[in-house]
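See structure below.
The values are calculated or read from the model by the stated rules, or taken from the named source; none is laboratory data. Keep in mind that this is a model prediction, so the values were computed, not measured. Because the Cβ atoms are built from the backbone with ideal geometry, glycine has one as well, and the counts that use them run over all protein chains shown. In case anyone asks, the SASA skips ligands and DNA or RNA and just uses the protein heavy atoms, side chains included. Shrake-Rupley method; radii C 1.70, N 1.55, O 1.52, S 1.80 Å.
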Amino acid sequence: MVPGTTGAFAEFLSRPLNRLVLGFPQVTIAEKQMVRRAPVKAGYIKDGPHIHWVFTIGDLIFDAPFDARLINREDLMIHDLTTETRLAIHIKLIDTYCMDLRAWRLVTLSPSLTKRFLRDVLDQLADVREVKPYHQKYTAIPLMKLPKLVNVEPCGS
């Protein structure tokens, strides 16, 4: 994360754990408390080779592209698709002004969202198309519209 910036990135399916890293410059107490305690919802859209995640944490909205093709194959961990697995995600809030960890939390995706994501990752891994035009399409959409577009659903705590 670049000092002084706002943003999010998803580091899923690589060792040792799944992380959603959020960055704000000069994190407020309210933002820290929201990341620690507010309800979390998640969803994504797959368009071509592009997977675009959207998370809501209380009133906060984050989006993060995901491309499993960028993960070193030795580190890629695709879980068993036959079980009722819930993907665990460690959410970390970084103050990008001083690069300090301000909040941390663990949430889980529903079994159905986990299974759909893992299936779509397998499709993504086999897709050789360039992701840039797809990514640009979703970054052009106002952030406030993305939760409804991807149909975010509650995460477990």
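Students sometimes get this wrong: rank SER112, SER157, SER14 by accessible area, probe 1.4 Å, all chains present, largest first. Walk me through the numbers on the way to the answer.
Details: SER112 80, SER157 125, SER14 25 Å².
Per-residue accessible area, sorted high to low, gives SER157, SER112, SER14.
Each of [x] 24, 18, 16; [y] 87, 11, 7; [z] 31, 16, 12 is a candidate for semi-axes √(5λ) of the Cα gyration tensor in Å; the one calculated from this structure is [x].
Please compute the length gained on full extension between GLN136 and HIS79, using 0.36 nm multiplied by the number of residues separating them and subtracting their Cα-Cα distance. Walk me through the numbers on the way to the answer.
Values: separation 57, 0.36 × 57 = 20.52 nm, distance 2.92 nm.
Fully extending the segment from GLN136 to HIS79 adds 17.6 nm.
From a point 7 Å beyond the Cα of ASP100 in the direction of its Cβ, which residues of the range 30-55 have a backbone N at a distance under 20 Å? Residues 30-37 qualify, since their backbone N sits under 20 Å from the label point. Run the accessible area of the chain with a 1.4 Å probe and give the carbon-and-sulfur part as a rounded percent. Exposed carbon and sulfur together represent 55 percent of the surface. Between SER157 and SER110, the distance separating the two model label sites (each 7 Å from Cα on the Cα→Cβ line) works out to 1.9 nm. For the residue pairs LYS32/LYS115; LYS115/LYS148; LYS92/LYS137; LYS41/LYS132, the alpha carbons lie more than 24 Å apart in LYS32/LYS115; LYS92/LYS137; LYS41/LYS132.
In this simple spin-label model, placing a label point 7 Å from the Cα along the Cα-to-Cβ direction at both LYS32 and PHE9 gives a separation of 2.4 nm.
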